[in-house]
Amino acid sequence: MKLLLQSLGSLGIAGISFFFFFFDSRDLLTALLFTVFVLLAGLILQFGEKRLFPEWKADYLFCALVGALLGLGVASYPANLLQDLGWTTGALFVYFLSLLFGIKLGTSFAKKPGLGIFGGGGGPAGFSLTSALEGGEASKTKDKILDTSVVIDGRILDIADTHFIDGPLILPNFVLREIQLISDSPDPIKRARGRRGLDMLNKLQRKGSIEVKITYTDYSDTREVDQKLVKLARDTGGAIVTNDFNLNKVAELQGVRVLNLNNLANALKPVVLPGEEFPISVIKEGKDENQGIGYLEDGTMVVIENGGYLVGKEVRVVVTSIIQTAAGKMIFTKVQSGSNNYNKS
């Protein structure tokens with residue numbers, strides 16, 4: 001019934017347009033063409049708006065409206081001249097072209113520089129009229145949007161204390177709900193992780209070393225938390241803080257900035273070069289024959305060639321090669337030559 005009424009409404013508007021245009025111009029073909037255009041525009045606005053303009057925001061619509069009004073204002077003088085000469089169709093054509101041109105200019109302005117030059121939303125983050133006048137020295141702080149993995153991980157608390165990351169930290173309400181669901185899980189491991197995340201948030205807010213805000217923005221068109229995070233980051237211009245490798249890749253493909261704490265941790269690991277020596281405890285045997293495995297203090301795996309028989313002992317090794325993987329570094333070593341190169345643990 002609703003679709004029928006919407007269709008009848010579009011037909012009614014098109015019929016009224018045909019009536020006025022035909023009696024003004026007495027040109028049946030032009031009146032029919034104009035009526036078809038009005039009918040199509042009405043149907044598109046009624047049924048295709050969400051598909052055609054799903055990502056339009058308030059600042060884009062505002063700039064498009066201002067551009068349309070300016071375009072019509074500029075077109076009024078030449079259109080009036082054409083009407084005085086009796087060219088009504090030509091006047092309508094001028095109005096139509098000016099309207100489209102104004103909307104195009106308005107949306108282009110919304111993209112860059114946007115309303116940010118007046119201190120509002122839109123446009124490049126950190127850009128404003130003040131920053132332009134002051135030589136771009138204004139703050140370029142962006143929101144940091146926390147995902148579930150980084151909240152449960154807890155390292156963000158230590159990073160916030162060091163002031164290496166500036167605020168505000170944005171916690172979406174849908175992420176908070178997911179953490180609450182995890183903390184209520186019947187699985188004891190999941191429940192412990194969820195409660196750890198809630199404790200970390202409480203500590204982060206109590207410390208006050210960085211501003212934490214909760215946003216209630218939600219997206220009912222998807223149930224996936226990762227997709228909601230990407231949409232929120234795109235709408236606000238913020239960056240996603242995460243440990244999730246898959247979310248990292250999906251967000252980067254959609255042009256969203258990502259701060260991955262695992263990448264930060266890998267970048268801060270001490271540099272080890274081939275030929276360097278250091279002591280290490282052999283924890284277990286490796287997958288290959290007679291291969292020992294140990295770990296540095298930062299968790300980096302060390303593979304000891306011919307070290308399978310040294311499990312439980314501390315040995316001094318020499319670095320032979322280093323491999324960088326998606327999960328981090330792997331250091332390949334061999335036992336330092338000599339008879340007194342290890343001790344029992």
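Some points to look at:
- Residues in the range 299-331 that are assigned to a loop (DSSP other than H, G, I, E, B), open to solvent by less than 60 Å² (accessible area, probe 1.4 Å) and either touching a residue at least 40 places away in the same chain (Cβ under 8 Å) or within 30 Å of residue 260 (Cβ to Cβ) (or both): 2 in all.
- Residue check, residue 182 open to solvent by less than 70 Å² (accessible area, probe 1.4 Å), farther than 24 Å from residue 265 by Cα, out of contact with any Pro (no Cβ under 7 Å at 6 or more places or on another chain) and part of a helix (DSSP H, G or I): yes
- Residue in the range 156-177 that is among the β-branched types (Val, Ile, Thr), assigned to a helix (DSSP H, G or I), surrounded by 14 or more Cβ atoms within 10 Å (Cβ to Cβ) and at pLDDT below 90 present: yes
- Residue list for the range 226-245, filter: under 23 Å from residue 153 (Cβ atoms), in contact (Cβ under 8 Å) with a residue 60 or more places away in the chain and out of contact with any Leu (no Cβ under 9 Å at 6 or more places or on another chain): 232, 233, 236, 244, 245
- For the range 185-210, a residue qualifies if it is small (Gly, Ala, Ser), assigned to a helix (DSSP H, G or I) and either without any contact (Cβ under 8 Å) to a residue 12 or more places away in the chain or farther than 28 Å from residue 231 by Cβ (or both), and exactly one does: 192.
The values are calculated or read from the model by the stated rules, or taken from the named source; none is laboratory data. Note that the structure is a prediction, hence the values are computed from the model and not measured. Counting neighbours? That spans all protein chains shown, and the Cβs are built from the backbone with ideal geometry, glycine included. Heavy atoms of the whole protein, side chains included, go into the accessibility calculation; ligands, DNA and RNA do not. Shrake-Rupley method; radii C 1.70, N 1.55, O 1.52, S 1.80 Å.
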